[in-house]
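As C-alpha cells, the structure follows; a few thoughts come after it.
The values are calculated or read from the model by the stated rules, or taken from the named source; none is laboratory data. Model, not experiment: these values are computed from the prediction. Positions of Cβ are generated from backbone atoms using ideal geometry, with glycine treated the same way; all protein chains shown enter the neighbour counts. Side chains included, ligands, DNA and RNA excluded: accessible areas come from the protein's heavy atoms. Shrake-Rupley method; radii C 1.70, N 1.55, O 1.52, S 1.80 Å.
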Amino acid sequence: SIASADMDLNQLEAFLTAQTKKQGGITSDQAAVIAKFWKNHRVKIHESLINQSRWENVLKNMNWRVDLKSQSRHVEQINTPVAVVEMELGKNGQ
C-alpha cells in the first residue's frame, strides 16, 4: 500500500498510525522500522515499480509542429492547420 501510493512522510505516518491502532495490526516498533526503511529506500522502490510497469519500448524524444496549407486545388483547404508529430521510441534502459 505504501509503495503503490508512493506515500510522502505525512501520509506514511498517518497510515502506520492507523495500522498500529487496528486490531491484529502492527506494533509501534514494526511501524518505526517500516518508516525508516521507506525513508531510506523510497526512491529505489518507486523506480523499481515504474520499471516493472513499463512496456518494452519507451518514448525517447518527441517533436511537433503545426503547418498551414498555403496552396491547394480547393480554396476551402487553404490555411487549414495540419499537426505533424514525430516520436522516437527506444528500448527501456538503452
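Need at least 2 residues that are of a type in the set (Lys, Arg), farther than 30 Å from Lys91 by Cα and open to solvent by 60 Å² or more (accessible area, probe 1.4 Å) per element, so show me which helices (runs of 4 or more DSSP H) inside the stretch 1-54 make the cut, counting only ones lying wholly within it. Spell out the reasoning first.
Numbers: elements: 2-5, 9-21, 28-53.
Because the criterion is at least 2 residues that are of a type in the set (Lys, Arg), farther than 30 Å from Lys91 by Cα and open to solvent by 60 Å² or more (accessible area, probe 1.4 Å), the helices (runs of 4 or more DSSP H) in the stretch 1-54 that meet it are 28-53.
If you go through the stretch 19-34 and pick out every residue that is of a type in the set (A, V, I, L, M, F, W, C) and closer than 13 Å to Ser1 by Cα, you end up with 1.
Going through (1) part of a strand (DSSP E or B); (2) out of contact with any strand residue (DSSP E or B) (no Cβ under 7 Å at 6 or more places or on another chain); (3) among the aromatic types (Phe, Trp, Tyr) one by one, Trp64 falls short only on (2).
Within the bounds of the stretch 68-88, is there any residue that is farther than 30 Å from Ala14 by Cβ, assigned to a loop (DSSP other than H, G, I, E, B) and either touching a Pro at 6+ places or on another chain (Cβ under 8 Å) or of a type in the set (Gly, Ala, Ser) (or both)? Yes - at least one qualifying residue is present in the stretch 68-88. With respect to the conditions (1) in contact with a strand residue (DSSP E or B) (Cβ under 9 Å, 6 or more places away or on another chain); (2) at pLDDT 85 or above; (3) acidic (Asp, Glu), Glu13 falls short on a single one, namely (1).
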